[in-house]
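See below for the structure under consideration.
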Amino acid sequence: MSAWKIAVRSLARRPAFALTVIGLLILGVGANTALFSVVDTVLLEPLPYPDAARLVSVYEASPSKNEKLSLIAPGRLEDWNRLSRTLSAVSGVYSESVTDTSGGEPVRLAGLRVAPRYFSVFGTPPFLGRTFIPEEEIQGGRLAAVVSYGLWSRGWTVGRRLVIGGQGFSIVGVMPATFTSAATDVWLPAQTPALLLRERDARSFSGVGRMKPGVTIAQARDDLARVQAELGEQFPKTDKGWSVIVRDLKDVRVGDSRKALLLLFGAVGLLLLITVTNVASLFLAELGQREREMAIRTLIGASRAQVVREVMRETAVIALAGAIGGWGVAALSTKLFARFFSTLPRMNELQVDWRALLFAMAVSAIGTISFGLLPALRATGVKHAADLFRAGRGIAGGRQTLQRAMVAGQIAVTVVLLASAGLLLRSFYALSHVETGFDTKNAIVFHVGAAWNEDRKRVGLLQEGLIEGLQRLPGAEAAGMSNFLPVSGATLRYTMHMDGAEEGKVLVGERTVSPGYLQALHAPLLAGNWCPELKATAQGGSKAMVNRKFTEMYGRGANVIGRKIDNMEIVGVLGDMKEDALSAPAYPYLYYCVMGGNWPDPEYVVRGKGDLRGAVRQLVKNVDPSRVIFGMKPVQEAVDEDLERPRTNAQMVTMFGMAAMLLAGVGLYGLVSQMVNARRREIGVRMALGAEPATILRSVVGSAGWLAAAGVVAGLGLTLAAQSLLRSFLFGVSGTDALSLAASVVLLAVVALVAAWVPARRAAGIDPVEAIRAE
C-alpha cells in the first residue's frame, strides 16, 4: 500500500477532524480566491485590447482651478489627431440612447456615437463582420452600425437594418463580449456636421487615444499641451488658456473602484487569516492527542523523518482538498460576484483562471503544512522514556500557549472587522439620511426614446405634448423634464458671464429644466418665481433660476433676481439640492429654463397620487406610438443608486465580520475545552478539597475572559491604526466613533462569554472521584 493511501486512510479514521478542517479551508480559500479573481480582473489584468498599455483617456483641461476636466469639441478632436506627434490616433465618443423601430415593436437600445478612428484606437478585431470605414464616418456618408455581442445574441445579426429616427442603419459588424463592460448595444458613427466642427465651444466628446510605441503618458501630455497652446494662438476666443488631461485608460475606467475593492479584499484576507489560524488550532489539538503515538513510534525504531513525513502527507492531502474545493467554490461564485459587484467595471471579463487556482493552493498549503510541521517536529523530538511520560504535560503546555496566542490574534482581527463594519454601517446610515433638498415621495421618472440627430422641432413638439399630457393626468400634481436628475453624478460645470460678478465670470453647475420639473420634485422656492410656462419662455427671452449656494458665492448675499447671466435673466432662487452626489457639498447651480427640444433625451418626472405608471405608458403611446418608454421607476429608487457602492461595502464587511466572530468563538470554545480536559485531574482534586462548582466556573470563564480582553485591546489598537485607511470610505462619522467601537467590543464579548461558558459549565460538573481515577 502506498504512503499516500495510508495518509488518506489515517484521515478517514478521524472524519470529524478531517471534514472540519477541509470545510474551513474550502470556505475560507473559496471566498478569498473569488475576491482575488475580482481584484485580478479589475485591477491587475490589462484591458482586453492589443497593446492596452498604450491606450489613454484624453480630455480638455478647463481654465477653471476648481473643475479642470472638460469634454472635447469635435473640431478640436480632429485638430489633436492631426497635429499630435506622440499619438497614432485620437478619437471620441458620447452616449445616446436610440430606438429601433425595424421590428413589430419599438426597442430602446443603449447607443454610443463615435468619432472617426474610434475602433482603430482600440485595435480589437470584430467578432463578426467589420467596423466602420472612412466613408461611413463623415457627414452624408452611408449609415452603418456595429452592435455588441449581447445584442447580436438577441437576433440583431450582420446585414440586418436598424431603423433609428426614421433612418436605416445596416449592421456591418459585431464586437466581442469583452470589448466593453458598459451596457452598450450599438455603436453609430457621429457623422459630425461641418458647421458643428467649426463650433469650438460645442464640447461633447470623451476622448480616447493610442500612444505610439515607446511614448510615455507624460510625453503624450506635453505633446498635446503644445498642440493646444498653438490652437490657443490660432483661436484665442475659444482655445486660449485651455490645456489637456491625459491619463491611463485603465486607471480612468477603474476609478474609485480600486479603493472599494482593496477594502473588501483586505476584509476577506483577514477572514482567511482567522480561518487558517483556526485550522492551525485544530491541527495543534489533533496532533497533541497523537503525541504519545508518535513518541512511541520514535522510541521503537521509526526515524524522526519517517514520522514527520507521514504527518506532512496527511496535511498535504488536507491542503490539496481545501485548495481544490476552494477553487470550486470560487468558480461557482463568480456569477454571484459579478451580479453582486455589477457596478464595478470589467465584470464581463470576470473568471477564475489558473492564477486563482495557484493562489488557492498556495494559501491552503502554506496555512496547513506550516502548522502541521511544527507540532510533528515537537512530538518526534521525545527521545527518552522519561520524556514520553512527561510529554502529555510539557508539550501540551507549550501547545496551549501557542493556541492562546492564536485565539487572541483571532479576536484582535475580529475586532478590526466588526469595528470597520460598524463604522461603514453608521456611515451608510448617515449618507442615506442626508437632507437632499427635494422630496421623492409619489414621484416617478422615465425616459422616452429620442435621438440627438432628430429634427429638434419635432422632438420639441413631442416633449411639450408629453408634459402637457402628464400635467392633465388624473391625480397628477406636477410634471416636467430635466437633462439630469439630482444625485446622478452628472457634474456639469460651465464658466459663465454674470453682471456685477467679480471679473464678470462665475463657475456653475448646470441643469436644463422645463417648467413644472422643479415643482414635481418639491424643490423649495426661496425667492422670486418658478420657470415661466413654455410659451412665456419663448416670448420673454431666456430665463434661469439659481440655488442658495449661488447667491452666497456670487451675489454676496444681495438679491440676484433680475440680473443677467450669459444673457439669461435670473427669475428665482431655490434651496440647495444634492445635484452632484449625496456626499458632495452644496455647489452653485444654475437651472436653465428651456423650451422643448433643447435636450432630446431628458428625464421626465411626474408627481401625483396613486400609481400613474399605466397612465403614463398609455399617454406616450397616444402621443407617438413609435416611441419607446423605458427606465420608469420611483425617483427614490434612482436616488438610491448613489448608495449602491457604500451599501455593498457595508454589507460585505459586515458579512465577513460576522463570519470572523463565529470563527473566533469556535476557536475560543475549542481552546477552553482543551484547557478543561488538560486540567481535569487538577479540577477534580480542587473539588475534592472543597472547591465550589461556582468557583471552578468563575476560574475557567475568567481565564478565557483575560484572553479575550487581550485580543480586544490589540484589536482596538489595530483599528485605531487603520483609521486613516477607513477615513476615505466614511461619511458623517469619525474613524474613532465610540459607538461603533463599543458595539463591536460588546458583541464580541457576548460571543466570547457564550463560547467559554459551555465548557466552563462542563468543568463545574466534573465528578472528582472519576477525574482522579482517570489519571
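No value in this document is a laboratory result; all are computed from the given coordinates. In this text the structure is predicted, and so the values were computed from the model without any measurement. Here the Cβ is made from the backbone with ideal geometry for all residues, glycine too, and neighbour counts use every protein chain on show.
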- [ ] Give, rounded to the nearest 20 debye, the magnitude of the charge dipole that the stretch 148-226 has about its Cα centre when Lys and Arg contribute +1 at Cβ and Asp and Glu contribute -1 at Cβ.
- [x] 100 debye
Task: FRET efficiency estimate (nearest 0.05) - Cβ-Cβ, L320 to L689, R0 41 angstrom - done: 0.20
- [ ] Put one equal scatterer on each alpha carbon of the stretch 1-46, apply the Debye formula with no solvent term, and list log10 I(q)/I(0) at q = 0.32 1/Å to two decimals.
- [x] -0.99
Open item on the list: On a straight-distance basis, which lysines could pair with K633 in a cross-link, Cα separation under 29 angstrom, same-chain partners fewer than 8 positions away excluded?
Closed with: K335, K441, K457, K578, K609, K621
Task: Lys/Arg +1, Asp/Glu -1 at C-beta; the chain dipole; positive extreme among G214, A478, L518 - done: G214
Task: Residue order, fewest to most beta carbons within 10 Å, for L417, L24 - done: L24, L417
- [ ] Please work out how much length the chain gains when fully extended from R309 to T216, using 0.36 nm per residue of separation minus the C-alpha to C-alpha distance, in nm with one decimal.
- [x] 28.1 nm
Open item on the list: Please report the antiparallel percentage of DSSP beta bridges with both residues in the chain, rounded to the nearest 5.
Closed with: 80 percent
TODO: For the stretch 588-599, just list the computed ³J(HN,Hα) in residue order, Karplus coefficients 6.51, -1.76 and 1.60, θ = phi - 60°, integers in Hz, with x standing in for Gly and Pro.
DONE: x, 10, 10, 10, 7, 7, 10, 7, x, x, 5, 10
Open item on the list: Testing the spin-label approximation: label points 7 Å from Cα along Cα→Cβ at K505 and A738. State their distance in nm.
Closed with: 4.9 nm
Open item on the list: If I model a spin label as a point 7 Å beyond the Cα along the Cα-Cβ vector, how far apart are those points for Q139 and W706 in nm?
Closed with: 8.6 nm
- [ ] Report the calculated FRET efficiency for H497 and A581 (r = Cβ-Cβ distance, R0 = 25 Å), to the nearest 0.05.
- [x] 0.35
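Taking the number of other C-beta atoms within 10 Å as the exposure measure, put K609, K543, K240 in order starting with the fewest.
With the fewest neighbours first, K609, K543, K240 line up as K609, K240, K543.
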Task: the stretch 450-627 - share of DSSP beta bridges that are antiparallel (%, nearest 5) - done: 70 percent
TODO: For L521, enumerate residues with amide H under 5 Å from its amide H, sequence gap 5+ or separate chain, H modeled in the peptide plane.
DONE: none
Task: Sorted peptide list for 269-280, 9-20, criterion being average Cβ within 10 angstrom, highest first - done: 269-280, 9-20
Open item on the list: Counting other C-beta atoms within 10 Å, and keeping those with at most 16, which DSSP coil GluC sites (Glu not before Pro) do you find in the stretch 406-515?
Closed with: E435
TODO: Kindly put K621, K578, K212 in sequence by how many other C-beta atoms sit within 10 Å of each C-beta, fewest to most.
DONE: K621, K212, K578
Task: the chain - charge dipole about Cα centre, Lys and Arg +1 at Cβ, Asp and Glu -1, debye rounded to 20 - done: 2600 debye
Open item on the list: Suppose we keep just the DSSP beta bridges with both residues in the stretch 63-241; what percent of those would be antiparallel, to 5?
Closed with: 75 percent
- [ ] Can you tell me the equivalent ellipsoid semi-axes for the stretch 450-627? Use √(5λ) from the Cα gyration tensor, largest first, whole Å.
- [x] 29, 17, 15
Task: Extension gain, L373 back to D611 (0.36 nm per residue minus Cα-Cα distance, nm) - done: 78.9 nm
Task: Förster radius 45 Å - calculated FRET efficiency between S2 and R355 (Cβ-Cβ, nearest 0.05) - done: 0.90
Task: Inter-site label distance for Q618 and A721 at 7 Å from Cα along Cβ, in nm - done: 6.7 nm
